[in-house]
Amino acid sequence: MAAPAHAAGYGTPTLTLSASYLSGAVGATGDPTVTVAVAQSGADASALTVAASKSSKTSVADTGDVAVSGSGGTRTLAVTAHTRGYTDLTVKVTGLGGKTATKTLHYAASPAVQFAVQTRYLTGASDASAAVDVGGGYTVVANDEDNTLRLYNGAVSGAPVKTWDLDSALDADKEVDIEAGTRVGNTIYWTGSLGNNKDGEYKADRNTVFTTTVSGSGASTALTFGKAYHKLRDDLVAWDKANGNRYGFAAGTKDGEIPKEIDGFNVEGLEFAPGSTTTAYIGFRAPLTPARTGGKALIVPVTNMDKVVTGTKAAFGTPIELDLGGLSIRDLRKNAADQYLIVAGSWAADDNSDPYALYSWDGVAGHAPVRKLDLPTTDAGGWEAAVTVPDLNQAGAQVQLITDDGDADLYGDGTQAKDLDHPEWQKSRATWFTVN
């Protein structure tokens, strides 16, 4: 069809994508979308059409799997994935006079997972390791591969609403390896793993506990850095030595010792004791106790955590040993009624296929935790964080759990998620489970 005689009066249309890289999942609900801005000089933007005109791998997503909604100069583009993998989608705007412009959207689809309807994807990082609720469905999530805290809307999939890079505040050359966090009032306490790195080397930045102060809530949440302490590991080792090396902390922290061994040294839980704002429970992924027997999970109370973060040497209470069926602590979280949930998993490093379970507990030493449910292990990633604890006496109570997908091959090309070049393709899963 020939262009109208006045076609020369229209400029070439323009098309801008809010992101050039997009991640989705097979069978997902509410995947991230891309905003498309279009314009054409001499034309009303509402007259422009936007569609996908080509796919480099149609089995992943074809042009008919790209839905464009909206009108005027701003449109929303969503992709429905069929199989895991990558495809380049050509997005085309057609303006008046038949003039066109195109952009390429690099799309990656991860495989279908169990409980897909209850799952959302937190993009921008893949190694989620701790999560703290800040109201309105929003969550501050830590990542153990960097020192950046990210604010997400936990109800939708997509990129963080805000980020806080704490490298300078922590004076850190490497990652603190943030593994746990908990909130008291407007203060969030965070802890690194305190252990050696995966090669058995001591890295001082990992020996860190620190605080951030919260102002606002929900999407308006703001964080400011508080204080940090860099000797909690040393205090724990000295305490254990003074008590007959009961837990082998000195041996587990020696040069060359891998942290994720049954007799290693690795912290992944942090929560305050029932009714306390000063005594914090430190939950260990390793060691189990007694070591080498598939024993119990370990909690060591720090009785002056509020002072520790200001530089005071840690003081310790009587340790607590919990029977979690041979599993260890991957997260520890309570609600205002002092009802606790424990995310339990393996002490091992490569444990994606090992069991995970969710336990309830009342926080009292000597009281046994109760196994509430087994968590799926066939999906990529490991369960690392519980956002909040619901009323465990309420039928149908739900908890949102988050995975660390850093070691997962999300897209079938053998690349671990944490090594992907584009943060938009990195992601962790946040899934709702019914506890009762």
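Does segment 241-336 come out rounded, prolate or oblate, given a ≥ b ≥ c as the square roots of the eigenvalues of its C-alpha gyration tensor, rounded meaning a/c under 1.5 and, failing that, prolate meaning a/b above b/c?
On the way: a/c = 1.95, a/b = 1.33, b/c = 1.46.
Oblate is the answer for segment 241-336, as a/c is 1.5 or above yet b/c matches or exceeds a/b.
Compute from the Cα atoms of segment 153-206 the Rg and the Dmax, the latter being the longest Cα-Cα distance, and quote both in angstrom.
Just the Cα atoms of segment 153-206 yield Rg and Dmax of 14.0, 39 Å.
Let me know the Kirkwood hydrodynamic radius for segment 87-192, please, with Cα pairs as the basis and the value in Å to one decimal.
Values: mean 1/r = 0.0604 Å⁻¹.
Result for segment 87-192 stands at 16.6 Å.
Placing +1 at every Lys and Arg Cβ and -1 at every Asp and Glu Cβ, with all other atoms neutral, what dipole size does segment 278-436 have around its Cα centre, in debye to the nearest 20? Could you put the intermediate results ahead of the total?
On the way: 13 positive and 21 negative charges, 160 e Å.
So the dipole magnitude of segment 278-436 works out to roughly 760 debye.
Determine the distance separating the Cα centre of segment 121-189 from the Cα centre of segment 230-252; give it in Å without decimals.
29
So, for segment 157-228, what is the accessible surface per residue at a probe of 1.4 Å, expressed in square angstrom? Kindly include the intermediate steps, with their values, before the conclusion.
Working: 3010 Å² over 72 residues.
About 42 Å² of surface per residue is accessible.
In whole angstrom, how far apart do the alpha carbon centroids of segment 364-385 and segment 14-33 sit?
Spelled out, the Cα-based centre of one part sits 32 Å from the other.
Return the subset of Lys241/Lys313; Lys162/Lys418; Lys203/Lys313; Lys203/Lys260; Lys162/Lys313 for which the Cα-Cα distance in this structure is over 24 Å, preserving the input order.
Details: Lys241/Lys313 16 Å; Lys162/Lys418 20 Å; Lys203/Lys313 20 Å; Lys203/Lys260 15 Å; Lys162/Lys313 34 Å.
Among Lys241/Lys313; Lys162/Lys418; Lys203/Lys313; Lys203/Lys260; Lys162/Lys313, the Cα-Cα distance tops 24 Å for Lys162/Lys313.
After finding the eigenvalues of the alpha carbon gyration tensor for segment 213-272, what semi-axes result from the square roots of 5 times each, listed largest first in whole Å?
Values: eigenvalues 222, 37, 23 Å².
Equivalent ellipsoid of segment 213-272: 33, 14, 11 Å, largest first.
With +1 on the Cβ of every Lys and Arg and -1 on the Cβ of every Asp and Glu, and nothing else charged, how large is the dipole of the chain about its Cα centre, in debye rounded to the nearest 20?
Numbers: 35 positive and 50 negative charges, 185 e Å.
Its charge dipole is roughly 880 debye.
Which value, to two decimals, describes the C-alpha radius of gyration of segment 17-104 once divided by 2.2 N^0.38 Å?
On the way: Rg = 13.2 Å, N = 88, 2.2 N^0.38 = 12.1 Å.
Normalised Rg, Cα atoms only: 1.10.
Quick one: Kirkwood hydrodynamic radius for segment 153-259, alpha-carbon pairs, angstrom, one decimal? Walk me through the numbers on the way to the answer.
On the way: mean 1/r = 0.0639 Å⁻¹.
The answer is 15.6 Å.
Per residue, how many Å² of accessible area does segment 284-365 show with a 1.4 Å probe?
34
Taking the alpha carbon gyration tensor of segment 28-160, what are the square roots of 5 times its eigenvalues, largest first, to the nearest whole Å? Could the numbers behind the result be given before it?
On the way: eigenvalues 208, 69, 32 Å².
So the equivalent ellipsoid measures 32, 19, 13 Å along its semi-axes.
Give the value in nm², to one decimal: projected area of the alpha carbon convex hull of segment 302-408, averaged over all directions. Please list the in-between numbers first.
Numbers: hull surface 33.0 nm².
The orientation-averaged projected area of the Cα hull of segment 302-408 comes to 8.2 nm².
Roughly to the nearest percent, how much of the accessible area of segment 88-164 is carbon and sulfur, given a 1.4 Å probe?
On the way: 1240 of 2460 Å².
Carbon and sulfur atoms account for 50 percent of the accessible area of segment 88-164.
In square nanometres and to one decimal, what's the mean projected area of the convex hull around the Cα atoms of segment 68-110? Could you put the intermediate results ahead of the total?
Working: hull surface 14.6 nm².
So the Cα hull casts an average projection of 3.6 nm².
Go through His422, Thr289, Gly381 and say which Cα lies farthest out towards the positive end of the charge dipole of the chain; charges sit on Cβ, +1 for Lys and Arg, -1 for Asp and Glu.
The residue sitting farthest along the positive end of the dipole is His422.
Quote the Stokes-Einstein diffusion coefficient, in whole µm² s⁻¹, for segment 352-436, based on the Kirkwood radius over alpha carbon pairs, a temperature of 37 °C and a viscosity of 0.692 mPa s.
Values: Rh = 14.6 Å.
Translational D for this selection: 225 µm²/s.
What is the packing order of peptides 366-378, 44-56, 416-428, 195-207, taking the mean over residues of other C-beta atoms within 10 Å and listing the highest first?
Details: 366-378: 14.0, 44-56: 15.9, 416-428: 19.3, 195-207: 17.5.
My ranking of the peptides, most packed first, is 416-428, 195-207, 44-56, 366-378.
With angles folded into 0 to 90 degrees, how steeply does helix 232-242 sit against the dominant principal axis of the chain? Use alpha carbons for both and round to 10.
20
Just the number please: accessible area per residue for segment 27-81, 1.4 Å probe, all protein chains included, in Å². Please report the intermediate quantities before stating the final value.
Numbers: 2480 Å² over 55 residues.
For segment 27-81, the per-residue accessible area is 45 Å².
Could you tell me what a quarter of the Cα convex hull surface of the chain works out to, in nm² with one decimal place? Could you put the intermediate results ahead of the total?
Working: hull surface 89.9 nm².
Mean shadow area of the hull around the Cα atoms is 22.5 nm².
Taking every pair of alpha-carbon atoms in segment 292-340, what share in percent sits in each 10 Å bin, from 0 to the bin with the longest distance?
Each 10 Å bin holds this share of Cα pairs: 22, 37, 34, 7.
Between Ser71 and Tyr202, what is 0.36 nm times their sequence separation minus the Cα-Cα distance? Round to one decimal in nm. Present the calculation step by step, with values, prior to reporting the outcome.
Values: separation 131, 0.36 × 131 = 47.16 nm, distance 5.61 nm.
Between Ser71 and Tyr202, full extension yields an extra 41.6 nm.
The values are calculated or read from the model by the stated rules, or taken from the named source; none is laboratory data. What you see is a predicted model; the values in this text were computed from it and never measured. In this analysis, Cβ positions are derived from the backbone assuming ideal geometry, glycine residues included, and neighbour counts consider all displayed protein chains. Calculation scope for accessible area: heavy atoms of the full protein, side chains included, ligands and nucleic acids excluded. Shrake-Rupley method; radii C 1.70, N 1.55, O 1.52, S 1.80 Å.
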